[in-house]
Amino acid sequence: MPGLEDLYREIILDHYKSPRNRGSLEPPAVRSEGHNPLCGDEIEVFLVVKDGIVDDIKIGGQGCSISQSSASMMSAAVKGKPVEQARALIHRFKHMMSIDEGGEEPDTSAPLGDLEALQGVVKFPVRIKCAVLSWNTLAEALDIAAE
Amino acid sequence: MSFDVQKVRADFPVLAELINGKPLVYLDSANTSQKPNAVINAMTHFMQHGYAPTNRSAYKLAADATDKFEGARAKVAAFINAPKVHEVIYTKNATEALNLIVRSWGSANLSAGDAVVLTHMEHHANIVPWQMLAAERGFTIRWVPLTSDGLLDLSNLSTLLDGAKAFSFTAMSNVLGTINPIKELCAAAHKAGAIAIVDACQAVPHMPTDVQAWGADFVTFSSHKMVGPSGIGILWGRESLLDAMPPFLGGGNMISDVKVEGFTCAELPAKFEAGTQPIIEAIGLGAAVDYLTAIGMDNVRAHEHDMTVLALNSLNDRFGSDITIHGSTDAALRGATISFAYRDVHPHDISQVLDQNNVCVRAGHHCAKPLMRILGSNATVRASFYLYNTPSDVTALCDALSEAGDFFTL
């Protein structure tokens, strides 16, 4: 049976207690909102895309340690990166969470960094939705920004 | 009859299960209850020896199945003191029963300019159907607010009810545990000329129910919360109201005649029971009613009252200012459903640690988001006790909570 330490790695608790890129951005930044209807977790993603680059990102909302740390790590991972790279990371992260969206197998050659710590979530299927919430919300924000 | 919780526990096979070698501490009965052998065996026996269609075939097996199916209805009617057995309608669950009231009675009686009164402690099942119809019809919904200790604030009730056509409220909050003054609320509704609808999903399993003493017009509840199977619920309504209402779902069983020009409805209760019914589930519900009746609902209520006092005292003694328990501190005013916040640890994270100790609680918004907004949080931990819970379950909850506190303050 997987233990708590498989789920709550130290780096996860660190992101939970000191979330990165926390806050909001005014328009023209785009905003998207994600809800986990099961537990009430809420995530807001504020996003500025400039010249195909994720120029700025802020995270709002409230939720459990898994959803909040995942959002924090995500924001750190995509900030300053090209949009295409951000989309590829979303695909790769969801694949790591055993969510099969079809399409190509993600390229797993680059190191995942802090995000690696969330791998243990897969052993707790109920919590996968918590971990993925912010990533779905980011995907939606990228779609809005592309309009 | 004296109440012996250990004897009760022996009736529920799942409570003897070990998960990872440790006993199960089931504190999620407000969500759904566990099932006794009496219910399991009644359903199994019926499937093995007596299963057949009801109310439509002439052979002996079908006639016997119909007797059992209708017999279960009579048991439910007696359990809630319904004046007439055919006022008891089988539904899928309490949610469907509430939707039936709104779609059938509501469609026939509500239009723009009308008002319906709900409370801030309702489950989504007693909010969303009204909002759906209000969006079509343009009637308004008024809300009875709450006091700071989680009771209904009735100071303005007569103003809120003035001119309203229906007052629909929960008998007991699924989040706060608050037991509402059902009789008084029904009387207030009637005084204002409104009908009284009681969502008794959290009450019927836990205390004696007397729809006549309550003075209600409609009462809804689910079998799965009262040691019966899932898949069946009950709408009880006054005959005169049910007779005047249009049907809800159309199909087989609910008609008297169908011609190419149109149809005529069957008599109660068939009028509201379209299609093949949850036959096996009705047999199970009947067995659940027998089981609870034999134990005695006064005994169930008394046991849960004791569990509430113990749980409130234990949580407060052990965690003091680290814990915020929502709702009333007076066990006489509440059931054994206890929602709380613990330090600033998120309810999901708490339930995860509790789960490592097989302590099953619900973490989330409990399908009562308007109430959660009033409590100023988007989730709570909810531990809910039933007739099979013991003082050692309270200890297990406290121990696991203490572990969660240690873990998240590393």
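The values are calculated or read from the model by the stated rules, or taken from the named source; none is laboratory data. All figures in this text were calculated on a predicted structure; none of them were measured in a lab. Don't worry about glycine lacking a Cβ; one is built from the backbone with ideal geometry, like all the others, and counts go over all protein chains shown. Accessible surface areas use protein heavy atoms only, side chains included; no ligands, DNA or RNA. Shrake-Rupley method; radii C 1.70, N 1.55, O 1.52, S 1.80 Å.
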Requested in this report: Can you tell me the 0 to 90 degree angle between the C-alpha axis of helix B:60-79 and the longest principal axis of chain B, rounded to 10?
Outcome: 60 degrees
Query - Length released on extending from B:T32 to B:T324, taking residue separation times 0.36 nm less the Cα-Cα span - result: 102.7 nm
Report task. Go through the stretch B:387-397 residue by residue and turn each phi into a ³J(HN,Hα) via Karplus (6.51, -1.76, 1.60, θ = phi - 60°); whole Hz please, and just put x for glycine and proline. Result -> 4, 9, 8, 10, x, 5, 5, 5, 4, 4, 4
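Over chain A, with the other protein chains present, what is the accessible area per residue in square angstrom, probe 1.4 angstrom?
Here the residues of chain A average 48 Å² of exposed surface.
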Report task. Express as a percent, rounded to the nearest 5, the fraction of DSSP beta bridges in chain B (both residues included) that run antiparallel. Result -> 60 percent
Query - Against the rule of thumb 2.2 N^0.38 Å, how large the Cα Rg of the protein assembly as shown comes out - result: 1.07
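Protein chains only, probe 1.4 Å: how do B:I141, B:I80 rank by accessible area, largest first?
Working: B:I141 40, B:I80 0 Å².
In descending accessible area the options line up as B:I141, B:I80.
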Query raised in the report: What is the gain in length, in nm to one decimal, between B:A332 and B:I255 on full extension, counting 0.36 nm per residue of separation less the C-alpha to C-alpha distance?
Result: 23.1 nm
**Report entry** Amide hydrogen neighbours beyond the local backbone of A:G61, cut-off 5 Å, H modeled
**Finding:** A:E44
Query raised in the report: What percentages, rounded to whole numbers, describe P(r) for chain B computed over all alpha carbon pairs with 20 Å bin width beginning at zero?
Result: 27, 55, 18, 1
Query raised in the report: In whole Å, what is the distance between the alpha-carbon centres of the stretch B:261-277 and the stretch B:286-312?
Result: 36 Å
**Report entry** Cα pair distances of the stretch B:296-410 binned at 10 Å [whole percent]
**Finding:** 14, 47, 33, 6, 0
Report task. Tally up the carbon and sulfur contribution to the accessible surface of the protein assembly as shown as a whole percent, 1.4 Å probe, everything protein left in place. Result -> 53 percent
Query raised in the report: In the stretch A:93-107, which residues have a backbone nitrogen under 18 Å from the label point lying 7 Å from A:A146's Cα in the Cα-to-Cβ direction?
Result: A:93-95, A:101-107
Report summary line: iface B-A | buried accessible area, total | probe 1.4 Å | Å², round 100 | 1700 Å²
Query raised in the report: For the pair A:D100 and B:D210, how long in nm is the line joining their label points, each one 7 Å along Cα→Cβ?
Result: 6.0 nm
Query - Label-point separation in nm, A:I53 to B:S158, each point 7 Å along Cα→Cβ - result: 7.0 nm
**Report entry** Taking only Cα atoms of chain A, radius of gyration then Dmax in Å
**Finding:** 14.4, 48
Requested in this report: Quote to one decimal, in nm, the extra length available between B:T409 and B:N81 on full extension: 0.36 nm per residue of separation minus the C-alpha distance between them.
Outcome: 112.9 nm
Requested in this report: From largest accessible area down, sort B:Y386, B:Y51, B:Y26; use a 1.4 Å probe on the protein chains.
Outcome: B:Y51, B:Y26, B:Y386
Report summary line: Phi angles of the stretch A:115-123, converted by Karplus (6.51 cos²θ - 1.76 cosθ + 1.60, θ = phi - 60°) into ³J(HN,Hα) in whole Hz with x for Gly and Pro, give 4, 3, 5, 7, 4, x, 4, 4, 6
Report summary line: With Cα coordinates, the longest principal axis of chain A makes an angle with the long axis of helix A:128-146, in degrees rounded to 10, of 10 degrees
Requested in this report: Would you be so kind as to list the residues of the stretch B:1-45 that have their accessible area lowered by at least 20 Å² in the full protein complex compared with their chain by itself (1.4 Å probe)?
Outcome: B:N20
Requested in this report: Calculate the mean, over all residues of peptide A:56-64, of how many other protein chain Cβ atoms lie within 10 angstrom of the residue's Cβ.
Outcome: 2
Requested in this report: Treating the angle as unsigned and between 0 and 90°, give the value, to the nearest 10°, between the Cα long axis of helix B:182-191 and the longest Cα principal axis of chain B.
Outcome: 50 degrees
Query raised in the report: What residues qualify as long-range amide H neighbours of B:T140, i.e. H under 5 Å apart, gap of 5 or more or another chain, H built at 1.01 Å from N?
Result: B:G113, B:D114, B:A115, B:V116
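Rounded to the nearest whole Å², what accessible area per residue is found for chain B with the 1.4 Å probe?
38 Å²
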